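Since the structure comes first, as structure tokens, the remarks are kept for the end.
The values are calculated or read from the model by the stated rules, or taken from the named source; none is laboratory data. Owing to the predicted nature of the structure, the values given are computational and were not obtained by experimental measurement. Here the Cβ positions follow ideal geometry from the backbone for every residue, glycine too, while neighbour counts run over all protein chains shown. With ligands, DNA and RNA removed, areas are computed over all heavy atoms of the protein, side chains included. Shrake-Rupley method; radii C 1.70, N 1.55, O 1.52, S 1.80 Å.
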Amino acid sequence: MAHLAFLMNIIEVQNLKKSYADGETETIALADVSFTVRKGEFLAIMGPSGSGKSTLLHVLGLLDEPSSGSYLFDGKNTYSYTGDELARLRNEKIGFVFQSFNLLARTSVLENVKLPLAYSSIPESEWDERAAKAIESVGLAHRMDHQPDELSGGERQRVAIARALVTNPDVIFADEPTGNLDSKSGKNVMSIIQELNEKQGRTIILITHETSTAEHSERIIRLIDGVIESDEKVVNRLKATDEYIK
Amino acid sequence: MTYKHLIKTAITGLETNRSRSILTIIGIVIGITAIMLVMSLGAGAQNLILSQVQGLGTNTIAVVPGLVSTSPSSFAANLYSDSLKPADLTALESKANVPGLADIMPVVLGSEPATYQSNDYQVTLFGATDLIASIFDLTPTAGQFFTADDVTSQSKVAVIGSKVASNLFGNDNPINQQINVNGVSFQVVAVLPSSGGGSLFDFDDMTIMPYTTAQTYLLGIKYFNRLIIEAAPGANVEVVADDITTTLAESHNITDPTKYDFTVQTQQDLANRLGIITTALTWFLVAMASIALFVGGIGIMNIMLVAVTERTREIGLRKALGATDRDILAQFLIEAVFLTGIGGLIGIVLGSSLAYLISLGLSYGLGLNWQFVFPWFGAVLGFGVSALIGLVFGSYPAHQASKKSPIEALRYE
């Protein structure tokens, strides 16, 4: 059945709506959103600020609950999960990469990457090896014992990617991962993300407002005012490794 | 998350915010230090008092006028009642009534002005028999105690305490000098050494003379303020005390024990009574010190709440990476308990060290026979209470932390 895995949808959302009651007025962040994401797909979600893309990422990443509509993650409706079950899913199946890295200060690269393992059921004897492997895969083996404030922005984001990878998740959510980086570091980070998708077959959901970043993906969903404006394949896909070498 | 990692995470959290952690525990340190100090010194004082009471000899029984209740409040209420009469003395001395009685010493008390030449001093009058020297273990620095004959013949002789001697005589030798007490002349036959100021029975201010002399020449009374009885060696003190009670009840014609106009006290009674007083005092001070501990707990809660707000992003991140509400709750709760537990340990060490230093000061500085007591109960209590304070005052901030929504937390700047 393994050859059919790529045909399965890891994410299915139907008529998803998210609104916030802000005092008297109701703010609608997502009006009516429906789409699916295949396992192993690299999807970019684009939109100007206030378009609802961050809200969508939070709902997809199981950090927030939709107001209405259904969300099937890995074939199961997320509506029925308890808080603890959601925490376990975030831990085992999902990796997050944030715009502002969110590394623990005064904590070594190795310890930062091991952080998700502490909340997992993975035996402690495997932690160091897993963390070291994840750090190696982002090319920071020589920085293992450094602290975040001794690293450049690009290196910090690579540590965050290693942390997202360490529990071997199915999906990686990257929220403006290059937003705080210069273009060279940004391309380096994008090349790693692209590699995770192509070589390791991980599903990537990338949030960005830059077309140049989004064009590294296979497919772009554009959101405006909480509604999907377009959902199309990327014709001329950018290859981050090529740009990086230049 | 396993306990091992919860503890590790908590320690890392505390180390990361070291100066704040230290400031947080000061309140707890002060509270526990105060409790340890009070309990140690309280126990030391109790030991000192009890050792002095027991030093009187466990065979000693006292009869005081009036019915002294078991509570310490009316201890001296009936000191000057007149219910102990010479007839009682005769009745008690009868072997048929109290077979276990070895000796009996009537005591009369008073306060009189004494003069020698141009010096005057208000002395405490203590009328007794020659037995007083052995009962209170008194050895004069100069002269000889009065004898049983002096008691019988109502000799006008006096044994004076060290302060009386220095106030009336300065550097002169008081022996065989005549002092004037309330207009009557007495010959000084002996001077007592200074008791050092810390003794339960302080004879420094006293003038001791035969009780017969004091009754006749100074007080003008026929009754006694106390009867001090020595039980015979080997006699059961409780039995002797019961015999005394029966004899006096008969002599006073009283059948209802609640109407007794006298009280028989053994050394054990006195020890118990004094024990109750010092224990009550100690707990009162512990209660005072507990206020410091409570304030310390409020401080912990305050700073933990600030820490939770400060670390909102960290909480959000941990939740995004798979931490459950319970993981976050446990992390902050363990941090709080660790803080207060460490504060408690420091307080225990600091408090007992201070108590030890004070004990040294009391025994060498004041010459008291003061023993340092490590209050094990206080240590266990203090540590338990401080950990409990962490649990109680840490639970609200920890709950706040655990309920933070991960997206709110991640958005927080």
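Considering the stretch B:236-281, the residues that are in contact (Cβ under 8 Å) with a residue 24 or more places away in the chain and more than 30 Å from the chain's Cα centre (by Cα) include one that is surrounded by the fewest Cβ atoms within 10 Å (Cβ to Cβ), namely B:259.
With the condition kept exactly as written, say whether any residue in the stretch A:131-145 is over 15 Å from residue A:97 (Cβ atoms), within 14 Å of chain B (Cβ to nearest Cβ) and surrounded by fewer than 24 Cβ atoms within 10 Å (Cβ to Cβ).
Residues of the stretch A:131-145 over 15 Å from residue A:97 (Cβ atoms): A:131-133, A:136, A:139, A:141-145.
Still in the list and also within 14 Å of chain B (Cβ to nearest Cβ): A:131.
In the following step, the residues that additionally are surrounded by fewer than 24 Cβ atoms within 10 Å (Cβ to Cβ) were identified as none.
No - not one qualifying residue is present in the stretch A:131-145.
Looking for whichever is among the acidic types (Asp, Glu) and touching a Ser or Thr at 6+ places or on another chain (Cβ under 6 Å) here; the options are A:74, A:84. Which one fits?
Working: A:74 fails: touching a Ser or Thr at 6+ places or on another chain (Cβ under 6 Å).
Just a single option satisfies the conditions, and that option is A:84.
Taking residue A:70 as the residue in question, decide whether it is touching a residue at least 12 places away in the same chain (Cβ under 8 Å), under 18 Å from residue A:162 (Cβ atoms) and more than 10 Å from chain B (Cβ to nearest Cβ). Full working, then the answer.
Values: touching a residue at least 12 places away in the same chain (Cβ under 8 Å): yes; under 18 Å from residue A:162 (Cβ atoms): no; more than 10 Å from chain B (Cβ to nearest Cβ): yes.
No, not satisfied.
Report yes if residue A:237 is in a helix (DSSP H, G or I) and open to solvent by 40 Å² or more (accessible area, probe 1.4 Å), otherwise no. Outline the logic, then answer.
Working: in a helix (DSSP H, G or I): no; open to solvent by 40 Å² or more (accessible area, probe 1.4 Å): yes.
It is false that residue A:237 is in a helix (DSSP H, G or I) and open to solvent by 40 Å² or more (accessible area, probe 1.4 Å).
Of all residues in the stretch B:134-164, those satisfying the criterion of being in contact (Cβ under 8 Å) with a residue 12 or more places away in the chain, more than 11 Å from residue B:203 (Cβ to Cβ) and in a helix (DSSP H, G or I) are B:135, B:148, B:150, B:151, B:152.
Given the stretch B:312-413, what helices (runs of 4 or more DSSP H) lie entirely inside it while holding 2 or more residues that are under 30 Å from residue B:50 (Cα atoms) and among the small types (Gly, Ala, Ser)?
Details: elements: B:312-320, B:325-360, B:376-402, B:406-411.
Hits in the stretch B:312-413: B:325-360, B:376-402.
Within the stretch A:166-180, the only residue that satisfies the criterion of being open to solvent by 10 Å² or more (accessible area, probe 1.4 Å), under 13 Å from the mean Cα position of the chain (by Cα) and within 12 Å of another protein chain (Cβ to nearest Cβ) is A:175.
Taking the stretch A:199-221 only, how many residues are touching a residue at least 40 places away in the same chain (Cβ under 8 Å), assigned to a helix (DSSP H, G or I) and not hydrophobic (A, V, I, L, M, F, W, C)? Adding up the residues that qualify gives 2. Residue B:102 meets all of the listed conditions (1) outside any strand (DSSP E or B); (2) touching a strand residue (DSSP E or B) at 6+ places or on another chain (Cβ under 9 Å) but one, namely (1). Of all residues in the stretch B:1-41, those satisfying the criterion of being open to solvent by less than 30 Å² (accessible area, probe 1.4 Å), facing chain A (nearest Cβ under 10 Å) and more than 16 Å from residue B:307 (Cβ to Cβ) are B:5, B:6. Filtered by the rule that a residue be buried (at least 18 other Cβ atoms within 10 Å of the Cβ), in a loop (DSSP other than H, G, I, E, B) and within 9 Å of chain B (Cβ to nearest Cβ), the stretch A:86-108 gives A:98, A:102, A:103, A:104.
Within the stretch A:146-165, being more than 20 Å from the chain's Cα centre (by Cα) and either within 17 Å of residue B:410 (Cβ to Cβ) or within 14 Å of chain B (Cβ to nearest Cβ) (or both) holds for A:147, A:148, A:149. Taking (1) open to solvent by less than 70 Å² (accessible area, probe 1.4 Å); (2) over 22 Å from residue B:64 (Cα atoms) in turn, residue B:176 satisfies each apart from (1).
May I ask you to list the residues in the stretch A:73-85 that are within 11 Å of chain B (Cβ to nearest Cβ) and over 21 Å from the mean Cα position of the chain (by Cα)?
Going residue by residue through the stretch A:73-85, those that are within 11 Å of chain B (Cβ to nearest Cβ) are A:82-85.
A:82 - this is the single residue of the stretch A:73-85 that is within 11 Å of chain B (Cβ to nearest Cβ) and over 21 Å from the mean Cα position of the chain (by Cα).
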